[in-house]
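The structure appears below as structure tokens.
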Amino acid sequence: MQIGRYIKLVFASLARSVDSRMQPLALTAMQWEPLLLLAIGRADTVAALAREANVDCGAMTRMLDRLEQKQLLRRQRSETDRRVVNLVLSPRGQEVAGEIPLIVRQELDRHLAGFTQQEQQQLTAFLIRMLRNAESSAAQETHE
């Protein structure tokens, strides 16, 4: 079956279309996701952000350097644990991050054109099931 190939192609198409829409915001493919994750509160440190974005800490640090140079975020040393560096969006970063969800939603809607609400829910359920299967398999391998 070619399911894996089609999943990869759809993801790549969606990523390309979102990335092209990010150009007016001066964001690259790797830059808009960390901004969004910070804005929605999914992460607030380099390590948490790297984990959420599924990249190594070194690559995330370099990405954050660029976002900091663009004055979209700043690093703040934790007052309770000096080893921890918290990430905070600047006012400009908050403004830019606020535009990201609409762009992503519009491109996702474009890719789902012609799908009924029921079909979208079914597709979502299938993808969730695939993720749960993978998590379950990984957990079983860990316990063996």
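The values are calculated or read from the model by the stated rules, or taken from the named source; none is laboratory data. Being a predicted model, the structure only gives us computed values, none of them experimental. Cβ placement follows ideal geometry from the backbone for every residue including glycine, while neighbour counts extend to all protein chains displayed.
Numerical summary
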| item | result |
| --- | --- |
| Meets criteria (over 22 Å from residue 110 (Cα atoms), charged (D, E, K, R), modelled with pLDDT under 95 and in a helix (DSSP H, G or I)) for residue 51 | yes |
| Residues (surrounded by 11 or more Cβ atoms within 10 Å (Cβ to Cβ) and not in a helix (DSSP H, G or I)) located in segment 91-116 | 112, 115 |
| Evaluation of residue 79 against (1) among the acidic types (Asp, Glu); (2) surrounded by fewer than 18 Cβ atoms within 10 Å (Cβ to Cβ); (3) within 15 Å of residue 107 (Cβ to Cβ) (one fails), failing number | (3) |
| Among (1) surrounded by 13 or more Cβ atoms within 10 Å (Cβ to Cβ); (2) assigned to a loop (DSSP other than H, G, I, E, B), the one test that residue 63 misses | (2) |
| Of the criteria (1) out of contact with any strand residue (DSSP E or B) (no Cβ under 6 Å at 6 or more places or on another chain); (2) surrounded by 12 or more Cβ atoms within 10 Å (Cβ to Cβ); (3) in a helix (DSSP H, G or I), which one residue 119 fails | (2) |
| Options 85, 55; residue that is surrounded by 16 or more Cβ atoms within 10 Å (Cβ to Cβ) and more than 19 Å from residue 27 (Cα to Cα) | 85 |
